[in-house]
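One structure is given below, encoded as structure tokens.
Coordinate-derived values only; no laboratory data. Not measured: the values here are computed from a predicted model. Quick reminder, even Gly has a Cβ in these numbers, built from the backbone with ideal geometry, and neighbours come from all protein chains shown.
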Amino acid sequence: MTETESVFKEKEDVLLRPVEESDSEFLQQLIQHKNVRDTIGRPPKPLNRNEEEKHIEEMSSNDDAAYFLIEFEGEKAGTISLHGLESEYGKGEFGISIHPDFHGKGIGTESVKMIVEYGFETQNLHKIRGGHLEDNIPSRRVMEKAGLQEEGRERDYKYVDGEWKDVHWMSILEDEYKS
Amino acid sequence: MTGPVFLHGESTDLRTIEEEDLEFLRNGVNHPGVRIYMGNRAPQNLDNQEEFFEEVICGEDVHLMICDKNEESKGIVSLKHQGDRPDRMGELGLWVHPEFHGHGHGSEASKMIIKYAFEQLNYHRLYARAYESNRPSQKIWERLGFEKEGTLRDHTYSEGEYKNVIYYGMIEGENQ
């Protein structure tokens, strides 16, 4: 049985499935890619395989979060997670990383659409938000296509290549999703 | 299976340290050309390395394997947070297996980790220590623009005598 058989949700050629410990090497390659680690929320620290496995273990036992591996045409392409499943008022926040080898194929857009659908229809959240750094326009486009709109800018969010970058928070509410 | 490259250099790469690297670590830290300069007095077997791996390498601080472009391991470099968070200060450490001394891997690895520390982790100050008897190590810090900040007299005992330890430091903005 391949891991792809554990498909949780799919749209077009993109599928979401649970992350397994055996995905740790792929996650290392993904998170440590310069283009990825410069754009995600967590600090750019190296993680070895053991640390990455521990991270997967923590995520899978965390009731507040859902963590998915994104596959495109049967290949590992990225990850997407949704936090805040148990938060007061039902406010979810997602984070997504697509390996640069798979950029420009619409994988991010399909994945975010699926996480939005999952958040509202399966987890009954009230609001879902995501952030992108000020110069990450592709990420903004992905969120716009999934129906998110800007709600604010948080100044000096992350330090990259010797300068501070702002993050723009985007969100969608359940009424907007259902209309 | 070697770990992925975290920082790419011209002729040196820095990659994650994995369990498969324990033997290399053991061979390095027991070598007289390495251990006498790092204050390592007891023999280190694979169990000791395993413990070091779990507690230190897999901990919060940054430890990376220094490799050439053919993925051959040369040594390790570390960036340890020192003081409290407001101090924004890190200590650099490194060793290169003596078999590979003199090829510039130590210098390039240091240069890469310094840039990373200032530009990605936003450190304010970095420092390194070198035994006064370890000229090659001092040369690395001097060439990279570190200031010799002080000599601590008879600060350690090694090879039958007390030895001075030199502190080198660099403040943000001084890195060229």
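Both radii are taken from the alpha-carbon atoms of the protein assembly as shown; with Rh as the Kirkwood radius, Rg/Rh is 1.04. Based on alpha-carbon centroids, what's the gap between the range A:156-170 and the range B:99-132 in Å, whole number please? Going from one Cα centre to the other spans 26 Å. Sparse packing (at most 12 other Cβ atoms within 10 Å of the Cβ) combined with a DSSP loop state is found for the following trypsin sites (Lys or Arg not before Pro) in the range B:59-112: B:Lys69. Couplings 3J(HN,Hα) of the range A:162-179, computed from phi: x, 9, 7, 10, 7, 10, 9, 8, 10, 8, 9, 9, 4, 4, 5, 5, 7, 7 Hz, in residue order, whole Hz [Karplus 6.51 cos²θ - 1.76 cosθ + 1.60, θ = phi - 60°; x for Gly and Pro]. Once you sort the root eigenvalues of the Cα gyration tensor of the range A:87-170 as a ≥ b ≥ c, which label holds: rounded (a/c under 1.5), prolate (a/b larger than b/c) or oblate (the other case)? Verdict is oblate for the range A:87-170. Charges on Cβ only, +1 for Lys and Arg, -1 for Asp and Glu, centred on the Cα centroid of the range A:43-179; of A:Gln149, A:Asn50, A:Gly84, which one is farthest towards the dipole's positive end? Of A:Gln149, A:Asn50, A:Gly84, it is A:Gln149.
Shielding value for B:53-59 is 2, the average number of Cβ atoms from other chains within 10 Å of each residue's Cβ.
Applying a DSSP loop filter and a limit of 16 other Cβ atoms within 10 Å to the trypsin sites (Lys or Arg not before Pro) in the range A:101-161 leaves A:Lys105. Mean partner shielding of peptide B:2-8, defined as the number of other chain Cβ atoms within 10 Å of each residue Cβ, is 6. With R₀ set to 41 Å, the beta-carbon distance separating A:Glu88 from A:Glu163 gives a calculated FRET efficiency near 0.70. With the simple spin-label model, which puts each label point 7 Å out from Cα in the Cβ direction, the B:Asn45 to B:Thr156 separation comes to 2.5 nm.
Taking the Cα centre of the protein assembly as shown as origin and charging only Cβ (+1 Lys, Arg; -1 Asp, Glu), how large is the dipole, in debye to the nearest 20?
Dipole of the protein assembly as shown, to the nearest 20 debye: 1400 debye.
Once you sort the root eigenvalues of the Cα gyration tensor of the range A:6-63 as a ≥ b ≥ c, which label holds: rounded (a/c under 1.5), prolate (a/b larger than b/c) or oblate (the other case)? Taking the square roots of the gyration eigenvalues as a ≥ b ≥ c, the range A:6-63 is oblate. How crowded by other chains is A:40-49, given as the mean number of beta carbons from other chains within 10 Å of each beta carbon? Other-chain Cβ atoms within 10 Å of each residue's Cβ, averaged: 6. Relative to the 2.2 N^0.38 Å rule of thumb, the range B:28-118 has a C-alpha radius of gyration ratio of 1.14.
With charges set only on the Cβ (+1 for Lys and Arg, -1 for Asp and Glu), what does the dipole of the range B:32-176 come to about its Cα centre, in debye to the nearest 20?
Magnitude of the dipole: close to 560 debye.
Annotation: amide H-H contacts under 5 Å for B:Ile76 (H modelled 1.01 Å from N, sequence separation of 5 or more, or interchain): B:Ile66, B:Trp95.
From the alpha carbon centroid of the range B:1-43 to that of the range B:53-98 is 9 Å.
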